Amino acid sequence: MRSTPLLIEAEPVKGYIVHVRFEDGTAADVDLGYLVEYGGVFEPLRDPGYFRRLRADSEAGTIVWPNDADIAPETLYSKAKQQAASLA
């Protein structure tokens, strides 16, 4: 059984802010700007245009980019839950 709900929507908002929505109804605007600090597979994300090419991957249950960079689903969900709670 899956412990993290599936990501069903991911849309770039502004800069490195992404609106995410999960199957359990959790939704938030999450700042993923910290990813540009990483090298390797995350290096292309420094280009805002490339960053905006993200998509929600139903199989992975998280955000992915064309170069197969992704975020651990648990990390993304945790950030969304924290952001949603801070606005409640």
Legend entry - Selection within the stretch 71-81 - in contact (Cβ under 8 Å) with a residue 60 or more places away in the chain and open to solvent by less than 70 Å² (accessible area, probe 1.4 Å): Pro73, Leu76, Tyr77, Ala80
Inset, instruction - Determine which single condition Tyr38 fails, assuming it passes every other condition in (1) open to solvent by 40 Å² or more (accessible area, probe 1.4 Å); (2) more than 19 Å from Glu74 (Cβ to Cβ); (3) of a type outside the set (D, E, K, R). - result: (2)
Legend entry - Selection status of Pro44, out of contact with any strand residue (DSSP E or B) (no Cβ under 7 Å at 6 or more places or on another chain) and either closer than 12 Å to Ile71 by Cα or open to solvent by 60 Å² or more (accessible area, probe 1.4 Å) (or both): no
Legend entry - Conditions (1) part of a loop (DSSP other than H, G, I, E, B); (2) touching a Leu at 6+ places or on another chain (Cβ under 9 Å); (3) touching a residue at least 60 places away in the same chain (Cβ under 8 Å); number of the one not met by Ser3: (2)
Inset, instruction - Report yes if some residue within the stretch 50-70 is open to solvent by less than 70 Å² (accessible area, probe 1.4 Å), of a type in the set (Ser, Thr, Tyr), without any contact (Cβ under 8 Å) to a residue 24 or more places away in the chain and over 18 Å from Asp24 (Cα atoms); otherwise report no. - result: yes
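Conditions (1) within 14 Å of the chain's Cα centre (by Cα); (2) at pLDDT 95 or above; (3) not in a helix (DSSP H, G or I); (4) not charged (D, E, K, R), marked per residue:
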{"position": "Val36", "(1), (2), (3), (4)": "yes, no, no, yes"}
{"position": "Phe42", "(1), (2), (3), (4)": "yes, yes, no, yes"}
{"position": "Leu45", "(1), (2), (3), (4)": "yes, yes, no, yes"}
{"position": "Gly49", "(1), (2), (3), (4)": "no, yes, no, yes"}
{"position": "Arg53", "(1), (2), (3), (4)": "yes, yes, yes, no"}
{"position": "Ala56", "(1), (2), (3), (4)": "yes, yes, yes, yes"}
{"position": "Ala60", "(1), (2), (3), (4)": "yes, no, yes, yes"}
{"position": "Ile63", "(1), (2), (3), (4)": "yes, yes, yes, yes"}
{"position": "Asp68", "(1), (2), (3), (4)": "yes, no, yes, no"}
Legend entry - Any hit, the stretch 17-26, residues being in contact (Cβ under 8 Å) with a residue 24 or more places away in the chain, open to solvent by 80 Å² or more (accessible area, probe 1.4 Å) and not in a strand (DSSP E or B): no
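The values are calculated or read from the model by the stated rules, or taken from the named source; none is laboratory data. Predicted model, so just to flag it, every value in this text is computed and none were measured. Positions of Cβ are backbone-derived with ideal geometry, glycine not excepted, and every protein chain shown enters the neighbour counts. The protein model used for the area step is the full one, side chains on, heavy atoms only, and it has no ligands, DNA or RNA in it. Shrake-Rupley method; radii C 1.70, N 1.55, O 1.52, S 1.80 Å.
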